[in-house]
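Read-outs throughout are calculated quantities, based only on the coordinates presented, and are distinct from any laboratory measurement. Here the structure is a predicted model, which is why all the values come from computation and not from measurement. For neighbour counting, all protein chains shown are included, and Cβ atoms are generated from backbone atoms with ideal geometry for every residue, glycine included.
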Amino acid sequence: MRYTRIVIPEAEQALLKRVLDQLWLEQGLSRHTLTAYETDLRGFAAWLAGQGAGLLTCDRALVMRYMAERLGEGRASRSLARLLSAQRRVYGWLAARGEIVLDPTLDIPPPGLGRPLPRSLGEADVEALLDAPEIDMPLGLRDRAMLETLYATGLRVSELVGLGLGQVGLGAGVVRVLGKGRKERLVPLGAEAIHWIERYLAEARPALLEGLGETEALFVTRRGAGMTRQMFWTLIKRHAARAGIAAPLSPHTLRHAFATHLLNHGADLRVVQMLLGHSDLSSTQIYTHVARARLKALHHQHHPRG
């Protein structure tokens, strides 16, 4: 690949560093992601220099040509998807600040990834899982409130266990979430989740904190500390076994179920994207495949010519 031997102009290097530094500060990108993006974008910048163009003068045709060349070299679809994601971040940032007039990555479809579909429980299995905790015990009531909250909101597990008392507005029926990149969003709580959180706050949480200091954490352990992702993973596996659920689970099983069931019942994809806190619609679109697969199975099962 001859473009890798082309020296990137200093102005292009400085621009790339400035944008990536800002993305790291503003969007909370991990160092691993930032390094991968930098590698991809340096290759792209070198190729542009070989075409007599630069990052600020690049147009859609050049982006498409570069992607096509990499595909022709046998680059994997997942690698190309990461490249496009990096380009979108950079050009989105530049466009938002008026440094370019038009984002050249707009409307460029992501390459087909053949991504594995997220594992999602059916509605009956979710009901069984929610009913599994022994709610006559403080820990069981806490677990029921956590499961109901997760299914009602579709939070990431890290967001769920990190909830503080001040983030839950039971009167307004919403939870305020600080998600990836420290982006804040408001997510509605359903009536069931509100009911179980109220019971947990009135009955279980005081019992769990009896004799211990107060904490801002919403969901607490018997030692008065906040929950962790690992603790939640342990309890969801235990309750799934108690409910007789044989389907393979992941820590995000209820998040996947939340999205899939909303789409099954006619929710708009962009609304689901907003509720999940996805910055890119393509992250949400995977759930449409799960919903379609479920519809196909129902058609095959119930249609006389299925």
For the stretch 198-215, Karplus couplings with θ = phi - 60° (6.51, -1.76, 1.60), whole Hz, Gly/Pro x: 4, 5, 4, 5, 7, 10, 7, 4, x, 5, 5, 9, 4, x, 10, x, 6, 9
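Taking 0.36 nm per residue of sequence separation and subtracting the Cα-Cα distance, how much length would be gained by fully extending the chain between K237 and A207, in nm to one decimal? Provide the component values of the computation, followed by the final result.
On the way: separation 30, 0.36 × 30 = 10.80 nm, distance 2.43 nm.
Between K237 and A207, full extension yields 8.4 nm more.
Return the FRET efficiency for the residue pair D131, S77: r is the Cβ-Cβ distance, R0 is 35 Å, and the value is rounded to the nearest 0.05.
0.25
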Table column - 3J(HN,Hα) (Hz), the stretch 71-80, Karplus curve with 6.51, -1.76, 1.60, x for Gly and Pro: 5, x, 7, x, 5, 5, 4, 5, 5, 5
Theoretical FRET efficiency, 1/(1+(r/R0)^6), r = Cβ-Cβ of H195 and Q230, R0 35 Å, to 0.05: 0.80
Amide H contacts under 5 Å for V174, placed H, 5+ residues apart: G169, L189
Estimated vicinal HN-Hα couplings, Hz - the stretch 165-175 in sequence order (Karplus 6.51, -1.76, 1.60; Gly, Pro = x): 4, x, 8, 10, x, 5, x, 7, x, 9, 10
Charge tally in the Cβ shell below 12 Å around V157, where Lys, Arg are +1 and Asp, Glu are -1, V157 excluded: +2
Burial order of peptide ranges 48-54, 209-215 (average beta-carbon count within 10 Å, highest first): 48-54, 209-215
Over the stretch 122-262: Rg over Rh, Cα atoms, Kirkwood Rh: 0.94
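Starting with the highest mean, order 221-228, 157-164, 71-78, 196-203 by the number of other Cβ atoms within 10 Å, averaged over the residues of each peptide.
157-164, 196-203, 221-228, 71-78
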Unit charges at the beta carbon, dipole of the stretch 10-88: most positive-side option, Q87, A76, A49: A76
Label-zone membership for the stretch 51-95, site L25, 7 angstrom Cα→C-beta point, backbone N under 16 Å: 93-94
